[in-house]
Amino acid sequence: MSEITIEPVGPAEQEVLDKWLDDAARWNIDVTDVRSIDRAYESYVDDVLDQDEDEREDPTPFVAMLGFALGQWLTLESVLEWRVITDADGRDLGLSLPDESSIMFPSDFIADAWNEMRRDWLNGWATDLRNQLEALR
């Protein structure tokens with residue numbers, strides 16, 4: 001098993017996070033409202049499914065942006081905090097509990113749903129997670 005290191009977000013990582021959140025704002029995503037994030041996801045799936053498969057763009061940037069928007073919502077609504085996490089896959093921004101006993105990467109949940117073309121899940125999933133985390137406050 002590889003070692004995982006967790007560090008506070010520094011100025012360089014904050015700049016990257018801010019860029020992703022600025023991108024989300026340009027998509028009219030309100031990171032204080034999970035329904036806004038949910039609508040953006042659903043709209044993007046609709047748009048992509050309306051395109052011919054050979055004309056579809058790589059969804060990775062959109063999935064990452066939504067992951068950062070979801071992560072920001074979770075930091076505003078729960079005890080989760082942004083951290084720099086280094087593991088076998090490299091160095092990335094993720095969320096952790098304040099005691100760093102648990103970590104998550106919100107983009108992974110968006111990517112998994114995207115790969116399955118899962119619909120009508122994000123708002124309920126995020127709200128349930130927030131409610132579970134409420135017990136940790």
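The values are calculated or read from the model by the stated rules, or taken from the named source; none is laboratory data. These numbers come from a predicted model, not from an experiment. Quick reminder, even Gly has a Cβ in these numbers, built from the backbone with ideal geometry, and neighbours come from all protein chains shown.
Observations, loosely collected:
- Among the candidates VAL79, VAL84, residue that is more than 30 Å from ASP46 (Cβ to Cβ), touching a Gly at 6+ places or on another chain (Cβ under 8 Å) and not small (Gly, Ala, Ser): VAL84
- Picking from residues in the stretch 39-82 that are touching a helix residue (DSSP H, G or I) at 6+ places or on another chain (Cβ under 9 Å) and outside any helix (DSSP H, G or I), the one that is surrounded by the fewest Cβ atoms within 10 Å (Cβ to Cβ) is GLU57.
- Applying the criterion of being charged (D, E, K, R) and in contact (Cβ under 8 Å) with a residue 12 or more places away in the chain to the residues of the stretch 11-51, the residue that is farthest from ILE110 (Cα to Cα) is GLU13.
- Evaluation of THR86 against (1) among the polar types (S, T, N, Q); (2) surrounded by fewer than 21 Cβ atoms within 10 Å (Cβ to Cβ); (3) closer than 17 Å to LYS19 by Cα (one fails), failing number: (3)
- Flag if THR127 is under 28 Å from VAL45 (Cβ atoms), touching a strand residue (DSSP E or B) at 6+ places or on another chain (Cβ under 9 Å), of a type outside the set (A, V, I, L, M) and surrounded by fewer than 17 Cβ atoms within 10 Å (Cβ to Cβ): no
Here is a yes/no grid of residues against (1) over 23 Å from THR5 (Cα atoms); (2) among the aliphatic types (A, V, I, L, M); (3) out of contact with any Phe, Trp or Tyr (no Cβ under 7 Å at 6 or more places or on another chain):
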site	(1), (2), (3)
VAL34	yes, yes, no
SER43	yes, no, yes
ASP54	yes, no, yes
MET104	no, yes, yes
ASN131	yes, no, yes
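- ASP108 within 19 Å of VAL63 (Cα to Cα), part of a strand (DSSP E or B) and not aliphatic (A, V, I, L, M): no
- Taking the criterion of being of a type in the set (A, V, I, L, M, F, W, C), in a helix (DSSP H, G or I) and under 22 Å from PRO59 (Cβ atoms), the residues of the stretch 117-134 that qualify are LEU122, TRP125, ALA126.
- Scanning the stretch 100-124 for residues that are of a type in the set (Ser, Thr, Tyr) and loosely packed, with under 14 Cβ neighbours inside 10 Å yields SER101, SER102.
- Among the residues of the stretch 116-128, those identified as touching a residue at least 12 places away in the same chain (Cβ under 8 Å) and under 13 Å from ILE37 (Cβ atoms) are LEU122, ASN123, TRP125, ALA126, THR127.
- Candidates in the stretch 83-101 are the residues that are part of a loop (DSSP other than H, G, I, E, B) and more than 23 Å from THR32 (Cα to Cα); of these, the one that is modelled with the lowest pLDDT is ASP89.
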